[in-house]
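I have placed the structure first, in the form of C-alpha cells, so that the comments after it can refer back to it.
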Amino acid sequence: MMFASGCGAGAGCVIGAQVFWSRCRERAFWSVSDRNTGAQRRSYCPIDLDMSIDAPVGDYETELLSKATSTIERGFFTLKSGMNIFYQLTVPQGEPTAAVVLVHGYSDHCDYILGSRAKILASLGFAVASFDLPGHGRSDGEYIVIDKWVDFVEVARQIVADHIQPFLTARFGKLRCFGIGESLGGGLAFALQQLSAEKGLPKPFDGIVLVAPMLGISKNIYPPWIVVQIFKRILVPILPRWPVAPNKDIGDRCWENPAVHERVLTAASNTYLVHHGQPRLGTAYQMAFVAGEWMEERVKLFDTPLLLFHGAKDEVTDPDVSRRFFDDVASQDKDIRMPPNAWHADCLGGGIQGDDKRGEERRESWVLLTRWMRERA
C-alpha cells in the first residue's frame with residue numbers, strides 16, 4: 001500500500017513538473033508565437049504592402065522624398081536550401097549612378113524606415129536593392145534565430161552574391177556596387193565581404209558604408225557579470241531558442257527624440273515584423289560573444305573602401321569599438337564621421353517633420369554619403 005502511494009505521489013510530481021514546464025515554455029514563447037514563421041509574418045504584411053509610407057523622416061529627408069520618382073519592385077529569391085528571401089528593388093528615374101545594397105539590423109526588415117532610405121537613395125540616382133534576412137520580416141525562417149554566426153554570414157553572402165548582384169547586373173548592366181549596413185547589418189556587410197575573400201570568391205562590394213555597426217556589443221547594455229555567466233554556461237546550451245535573453249531594452253536608446261521611438265512603436269504597419277521582446281538565448285550569445293571575436297580577428301585584413309558613421313552618443317553599439325576598427329583596417333581609402341549628438345539610429349534617421357532637432361547634422365551625413373559613393377562609382 002505504501003509502495004502504491006509512493007508511486008502515485010511520484011507520478012503526480014512528474015505530471016506537475018510537466019505542466020509547470022509547459023506553462024513556462026508557453027509564457028516564454030508568447031512574444032513570438034504569432035510571427036514565428038515567414039508565412040505568419042506575411043499573412044499580416046502582404047508583399048505588396050508599402051510599409052515605408054508612415055516611417056518617421058525629418059525635414060531634409062521629406063524634401064528629398066518629395067522629389068522622388070522611383071518605382072518599387074517586390075518579390076522573392078529562393079535559396080538552394082528552399083528558403084524564400086523577400087527583396088525590394090527601388091529604381092530611380094533614368095540611368096542609375098551605382099547600385100546600393102542595404103543590409104538591415106537585428107529584428108528589423110527592409111521596409112518601413114529602410115524602405116524610406118531606399119527611396120531617398122533612389123531620388124539621388126542610385127538603384128537600391130534590399131532584402132529581409134532569414135527569420136526577419138517577410139523572409140522564411142524561424143523568427144530571429146542565429147544558431148552559428150558564420151553560417152548566418154554565409155547565407156547573407158549567398159543572398160547578395162548569388163541573387164541580388166546577378167539580378168542588378170541583368171537589369172542595369174555592370175555597375176559599381178556599394179553595401180550599406182546598419183547596426184547588425186553593418187557587422188554583416190563587413191563579415192560577408194571578408195568571408196568572400198576567405199573563400200577565394202569575388203568580394204560583393206566595391207565600397208562599404210557602415211552605420212553604427214555591430215562590431216561588438218556595448219558593455220553598457222550587458223547585464224551583471226553573474227547573469228552573464230549563468231547565461232553563457234547554463235542557459236544557452238540548454239535553451240538556445242528560448243526568447244528570454246537577459247538584455248536591457250534598447251528601444252528607448254536608439255533615438256534621441258522620444259517622438260521617433262513612439263512613432264516606431266505605434267506604427268500599425270510595423271507591428272508584426274519588428275520584435276519588441278527579448279532575443280533568443282542562442283542568438284544573443286552569437287551576437288554578443290561569437291560575432292565580435294570573429295570580426296576582430298579579421299579587421300586588419302579589411303581593404304575595401306570604407307565610410308563609417310557612428311553617433312558619439314550611441315549606447316547600443318559602441319563608438320569606441322568603431323573607432324578602433326577604423327584605425328586597424330588595412331584599407332587606405334577610409335573616412336569616419338562621428339556626429340556628436342547622434343544616438344544609435346540617428347546618423348541617417350531620427351527625425352520627424354516639424355520636430356527635427358538634428359536635421360542639419362543628418363543632412364551633412366547624407367551629403368557626405370552621396371558624394372562618397374558618386375566619387376567611387
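Remarks
- Computed from backbone phi, the HN-Hα couplings of segment 102-117 come to 9, 10, 7, x, 4, 6, 8, 7, 8, 10, 6, 5, 5, x, 5, 5 Hz, rounded to whole numbers (Karplus: 6.51 cos²θ - 1.76 cosθ + 1.60, θ = phi - 60°; Gly and Pro given as x).
- Of the solvent-accessible surface of the chain, computed with a 1.4 Å probe and all protein chains present, 55% belongs to carbon and sulfur.
- Spherically averaged projected area of the convex hull of Cα atoms, segment 28-177: 9.6 nm².
- Quarter of the Cα convex hull surface for segment 167-227, i.e. its orientation-mean projected area (nm²): 6.0 nm²
- Modelled spin labels at residue 150 and residue 330, positioned 7 Å past Cα toward Cβ, are 1.9 nm from each other.
- Degrees, to the nearest 10: 359-376 long Cα axis against longest axis of the chain: 70 degrees
- Cα gyration tensor shape of segment 210-311, rounded if a/c is under 1.5, else prolate or oblate by comparing a/b with b/c: oblate
- Under-18-angstrom lysine pairs by C-alpha in the chain, whenever the two are 8 or more apart or on separate chains: 14
- Extension gain, residue 376-residue 265: 0.36 nm per intervening residue step, less the Cα-Cα distance, totals 36.2 nm.
- Degrees, to the nearest 10: 184-198 long Cα axis against longest axis of the chain: 80 degrees
- Remark: segment 48-197 carries a charge dipole of roughly 560 debye about the Cα centre, counting +1 on each Lys and Arg Cβ and -1 on each Asp and Glu Cβ.
- Highest average first, the peptides 305-311, 330-336, 131-137 ordered by how many other beta carbon atoms sit within 10 Å of their residues are 131-137, 305-311, 330-336.
- Think of a 1.4 Å ball rolled over the protein heavy atoms: segment 258-366 then has 44 Å² of accessible area per residue.
- Charge dipole of the chain (Cα centre as origin; +1 on each Lys and Arg Cβ, -1 on each Asp and Glu Cβ, all else neutral): 760 debye, rounded to the nearest 20.
- Distant-in-sequence amide contacts of residue 351, defined by a placed amide H-H separation under 5 Å and a gap of 5 or more residues or a different chain, comprise 58.
- Computed from label points 7 Å out along Cα-Cβ, the spacing between residue 226 and residue 298 is 3.8 nm.
- Residue-normalised accessible area of segment 19-70, given per residue in Å² at a 1.4 Å probe: 59 Å²
- Per residue solvent-accessible surface (Å²) - segment 91-199, probe of 1.4 Å: 26 Å²
- Accessible heavy-atom area order of 27, 241, 138, highest first, probe of 1.4 Å: 27, 241, 138
- In the chain, helices alone account for a calculated mean residue ellipticity at 222 nm of -11000 deg cm²/dmol, with every DSSP H run of four or more residues adding -39,500 (n - 2.57).
- Separation between Cα centres of segment 316-369 and segment 234-264, rounded to whole Å: 22 Å
- Relative contact order for the chain, counting Cα pairs under 8 Å that sit 6 or more residues apart, in percent: 19 percent
- Taking only the C-alpha atoms of the chain, Rg followed by Dmax gives 21.9, 89 Å.
The values are calculated or read from the model by the stated rules, or taken from the named source; none is laboratory data. If you're wondering where the values come from, they're calculated on a predicted model, not measured in any experiment. For neighbour counting, all protein chains shown are included, and Cβ atoms are generated from backbone atoms with ideal geometry for every residue, glycine included. Calculation scope for accessible area: heavy atoms of the full protein, side chains included, ligands and nucleic acids excluded. Shrake-Rupley method; radii C 1.70, N 1.55, O 1.52, S 1.80 Å.
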